[in-house]
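Heads up: the structure comes next, in structure tokens.
The values are calculated or read from the model by the stated rules, or taken from the named source; none is laboratory data. Quantities reported herein were computed from a predicted structural model and do not represent experimental measurements. Virtual Cβ from ideal backbone geometry, glycine too; neighbours counted across all protein chains shown. Just so you know, the surface numbers come from the protein's heavy atoms only, side chains and all, with ligands and any DNA or RNA stripped out. Shrake-Rupley method; radii C 1.70, N 1.55, O 1.52, S 1.80 Å.
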Amino acid sequence: MTVSHHQKDRERLIRRRMKRQIIFQLMIYYQQFRLKKIGTAAWLGETKKLVEKLEEVADRDLTTRLFEAQLLITEERYNEAKWLLNRIADQMEGKEVAPEIACYYLYLTTLNSREESYVDEVAAHVEKIFERNPDNWRIAWLLLYLSDRYSRSSTKKWLFLEEQYNRGCVSPVLYIEAVLLLQVNPALLTKMDGFETRVLGYAVKEGVLTEEVIRQTLSIVSQAKQFHMLVFRILEACYKELEDPDVLQVICGYLIKGNCTGPGFFKWYRLGVEQNVRVTRLYEYYMLSMDLTVEEDIPKMVMMYFHFQNELDYERNARLYACILRKREEYPDIFASYQEQIERFLMEQIDREHMNRDLAYLYKNLVTPQMIHEENADKFARMLFMNLVSTQYRGARYIVVLHAHVTEEQRYPLMNGMGMVPIFTGEYAVLFEDGEQNRLCASINYNTEKMMIPGKLARFIAPYVKDAVGYDLFLCENNRSYIVLNDENMQSFQRIARDERIEQEYRCEVSMKLLQYLYDTDQIRELDELLELLIPDQMKERERSQLFRFLIMRGSFDKAYQWLKQFGSEQFDSKLLMKLCSRLISREDFQPEDSMTYLAFQAFEAGKADQATLSYLDHNYCGLTKKLRDLWKRSRDMGLDTRELEEKILEQLLYTGAYIG
């Protein structure tokens with residue numbers, strides 16, 4: 001029994017769904033018929049088939065039988081319709097029937113009986129039912145055909161339809177009646193509120209806009225004070241139906257009134273400019289809506305207009321000026337009139353460190369040495385190395401750039417998958433950071449687009465740069481290939497040597513090159529200053545050896561000696577080592593030390609010794625007898641007093657019994 005009960009419920013649900021589908025199809029054919037998309041015969045044929053299906057599904061309920069009766073009346077089979085209506089009346093008698101069903105029955109009886117008095121009587125009765133059910137749009141729809149008040153006055157009918165809309169009716173039958181009214185009398189359209197826009201939107205959807213309705217729509221929209229997207233869509237359809245400058249003028253004016261900008265609206269502003277429509281601020285909105293990621297030529301009239309009045313943002317101005325520059329051969333007078341204005345603009349953008357493709361094009365072609373000075377050189381130095389990084393990974397929020405030799409990472413925001421970042425060396429890595437601070441590298445595809453090639457622009461800023469690590473690294477990196485260290489780029493090397501943002505190892509490498517250059521060019525003061533800054537414990541052994549060489553050549557013997565005692569002298573040049581020892585030993589206040597003895601003997605063994613170091617060793621060195629003998633030979637050859645050394649050798653021979661030749 002339970003299974004049977006559930007089966008019946010399921011069948012009832014299927015029948016109800018099928019009934020709704022058939023009624024929906026009936027509505028579609030009715031709509032096409034009323035809008036004259038199909039003829040009467042086609043409508044009757046399809047409707048008859050659907051009503052027959054409905055009879056099978058709905059088991060001849062009241063609604064279905066009423067549909068059948070209306071179909072008979074439409075086919076002018078009045079006797080059959082009268083008989084069926086009588087049967088329906090018997091079926092309704094004594095039962096509680098929905099008010100719209102009762103009104104529908106009464107309406108059909110008026111179609112079968114054309115007596116005026118009877119029609120008036122039915123209309124009065126239906127009006128009373130409607131007064132009790134004011135939100136029932138189906139009864140309201142029937143009243144449109146029963147009441148003389150609406151059939152004789154299109155204005156009253158229009159207002160009645162609007163009232164039903166305001167009560168919540170959104171049925172197509174309401175829009176059909178309203179559209180048909182407008183086609184006959186477009187003047188009914190006096191404002192552009194919710195009802196009117198819905199009716200026109202329906203007309204657009206069904207493709208039944210007439211030229212007269214379009215003209216009236218334009219008249220009303222041109223006076224509108226607020227922007228609504230649905231109204232704009234209606235205007236788009238109006239232009240598609242009627243490609244007229246008047247329509248275009250209203251569209252542009254309406255968009256400007258709504259402050260609508262962006263690539264989605266650019267098509268209309270471009271058409272307006274091309275067709276020379278007269279709308280206030282059209283050229284401004286043309287520029288504000290241009291897609292800056294797409295190359296787009298700017299018409300001559302727009303270029304001329306902004307020479308006199310320009311309140312565009314820097315990106316739009318950059319696009320305007322870049323276009324003027326590209327067309328300077330075609331319009332030399334326009335470029336000449338703008339040139340001073342463009343140069344002032346570029347100075348402002350350098351000061352604000354703004355960069356994009358258009359600005360890069362302007363910088364490359366118009367920046368002169370006179371435009372660069374101490375206040376903007378550091379900023380422009382950073383801008384020279386800007387790259388546009390783009391990725392399809394929409395989860396990225398930041399770009400993180402890691403440069404070789406730089407201790408700090410650089411982090412820049414991403415907007416719409418794009419970001420501007422400085423890349424100033426050939427060795428770098430790009431990471432992408434999402435909203436949860438996760439970082440991705442190898443799994444993300446991205447593109448980099450270099451905005452400018454430093455070239456001559458780098459030479460413009462060279463005399464003024466004070467703090468631009470990217471610029472300095474660029475020069476130092478290129479020094480490995482073709483840039484020769486000279487007075488013009490020496491300051492970059494000096495800044496790198498002092499900059500704590502640079503890895504110590506690289507700073508040492510740069511410092512060694514700089515020391516050699518300063519020494520070769522006799523820039524003694526700068527050389528001494530650099531020597532004071534360098535710290536040997538942060539250097540490699542080879543670099544320390546070079547540093548000691550410069551210390552000794554510059555006479556910094558005490559510092560060199562202390563560093564040698566700390567770090568050792570194995571890789572040190574023996575000639576310079578001898579020079580260091582000789583100078584220190586020759587001082588009156590110098591006291592013998594084991595470390596000095598070790599250094600002096602190291603130089604001696606390498607074949608480098610003078611009288612001062614030999615005399616010092618004669619008195620202070622103690623070692624193998626064989627080495628003492630070598631020292632004695634060298635000292636005797638130099639004519640030194642070797643008696644003390646000889647005594648030392650004899651003592652060792654007596655104690656050890658060793659023999660030396």
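Some notes on this structure:
- Test for residue 111: is it at pLDDT 90 or above, part of a helix (DSSP H, G or I) and on the phi < 0 side of the Ramachandran plot: no
- Within region 581-600, the residues that satisfy the criterion of being closer than 11 Å to residue 612 by Cβ and either touching a Pro at 6+ places or on another chain (Cβ under 7 Å) or not charged (D, E, K, R) (or both) are 581, 582, 584, 585, 586, 590, 600.
- All positions within region 596-610 that are out of contact with any Phe, Trp or Tyr (no Cβ under 8 Å at 6 or more places or on another chain) and among the hydroxyl-bearing types (Ser, Thr, Tyr): 598
- In region 114-154, the residue that is nearest to residue 172 (Cα to Cα) out of those that are of a type outside the set (Asp, Glu) and outside any helix (DSSP H, G or I) is 136.
- Exactly one residue out of 384, 402 is over 14 Å from the mean Cα position of the chain (by Cα) and closer than 19 Å to residue 501 by Cα: that is 402.
- Residue list for region 430-449, restricted to those being in contact (Cβ under 8 Å) with a residue 12 or more places away in the chain and either among the polar types (S, T, N, Q) or open to solvent by 60 Å² or more (accessible area, probe 1.4 Å) (or both): 435, 439, 441, 445, 446, 447, 448, 449
- Pairs, first open to solvent by less than 20 Å² (accessible area, probe 1.4 Å) in region 283-303, second among the small types (Gly, Ala, Ser), C-beta under 9 Å, six or more apart: 285/272; 286/272; 289/262; 289/264
- Test: residue in region 394-404 that is out of contact with any Phe, Trp or Tyr (no Cβ under 8 Å at 6 or more places or on another chain) and either open to solvent by 50 Å² or more (accessible area, probe 1.4 Å) or at positive phi (or both): yes
- Counted residues, region 171-225 - those being open to solvent by less than 40 Å² (accessible area, probe 1.4 Å) and more than 22 Å from residue 252 (Cβ to Cβ): 21
- Residue 625, sole failed condition from (1) open to solvent by 70 Å² or more (accessible area, probe 1.4 Å); (2) within 14 Å of residue 652 (Cβ to Cβ); (3) in contact (Cβ under 8 Å) with a residue 24 or more places away in the chain: (1)
- Output for region 208-222, where each listed residue is touching a residue at least 24 places away in the same chain (Cβ under 8 Å) and not acidic (Asp, Glu): 208, 209, 210, 213, 214, 215, 216, 217, 218, 220, 221, 222
- Set side by side, the residues 529, 500 differ, and just one is assigned to a loop (DSSP other than H, G, I, E, B) and either more than 37 Å from the chain's Cα centre (by Cα) or more than 30 Å from residue 368 (Cα to Cα) (or both), which is 500.
- Residue check, residue 298 part of a helix (DSSP H, G or I) and out of contact with any strand residue (DSSP E or B) (no Cβ under 9 Å at 6 or more places or on another chain): no
- Considering region 445-493, the residues that are assigned to a helix (DSSP H, G or I) and at pLDDT below 75 include one that is nearest to residue 407 (Cα to Cα), namely 477.
- Selection status of residue 579, closer than 25 Å to residue 550 by Cβ and either touching a Ser or Thr at 6+ places or on another chain (Cβ under 8 Å) or not in a loop (DSSP other than H, G, I, E, B) (or both): yes
- Selection status of residue 419, touching a residue at least 24 places away in the same chain (Cβ under 8 Å) and open to solvent by 10 Å² or more (accessible area, probe 1.4 Å): no
Conditions (1) surrounded by 15 or more Cβ atoms within 10 Å (Cβ to Cβ); (2) polar (S, T, N, Q); (3) assigned to a helix (DSSP H, G or I), marked per residue:
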| residue | (1), (2), (3) |
| --- | --- |
| 312 | yes, no, no |
| 324 | yes, no, yes |
| 330 | no, no, no |
| 359 | yes, no, yes |
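- Candidates 355, 303 - the one that is part of a helix (DSSP H, G or I), of a type outside the set (Phe, Trp, Tyr) and at negative phi: 303
- Test for residue 72: is it open to solvent by less than 50 Å² (accessible area, probe 1.4 Å), in contact (Cβ under 8 Å) with a residue 24 or more places away in the chain and part of a helix (DSSP H, G or I): no
- Close pairs from region 516-543: first closer than 23 Å to residue 503 by Cβ and at pLDDT 80 or above, partner open to solvent by less than 60 Å² (accessible area, probe 1.4 Å) and not in a helix (DSSP H, G or I), Cβ under 6 Å, at least 6 apart: 517/485
- On the stretch given as region 409-428, residues that are under 20 Å from residue 472 (Cβ atoms) and touching a Leu at 6+ places or on another chain (Cβ under 9 Å) total 7.
- Condition check for residue 551 on (1) open to solvent by 60 Å² or more (accessible area, probe 1.4 Å); (2) touching a Phe, Trp or Tyr at 6+ places or on another chain (Cβ under 8 Å); (3) over 19 Å from residue 645 (Cβ atoms): one failure, at (1).
- Taken as a whole, region 460-478 holds at least one residue that is more than 21 Å from the chain's Cα centre (by Cα), loosely packed, with under 15 Cβ neighbours inside 10 Å and basic (Lys, Arg).
- Taken together, 352, 344, 357, 394 contain a single residue that is of a type in the set (Lys, Arg) and in contact (Cβ under 8 Å) with a residue 40 or more places away in the chain, which is 357.
- Options 427, 409: the member that is without any contact (Cβ under 8 Å) to a residue 12 or more places away in the chain and open to solvent by 10 Å² or more (accessible area, probe 1.4 Å): 409
- Here is the figure for region 503-526: residues that are open to solvent by 60 Å² or more (accessible area, probe 1.4 Å) and either touching a Gly at 6+ places or on another chain (Cβ under 6 Å) or outside any helix (DSSP H, G or I) (or both) total 2.
- Here residue 587 meets each of (1) assigned to a helix (DSSP H, G or I); (2) out of contact with any helix residue (DSSP H, G or I) (no Cβ under 7 Å at 6 or more places or on another chain) with one exception, condition (1).
- Scanning region 269-282 for residues that are in a helix (DSSP H, G or I) and in contact (Cβ under 8 Å) with a residue 24 or more places away in the chain gives 272, 273, 274, 282.
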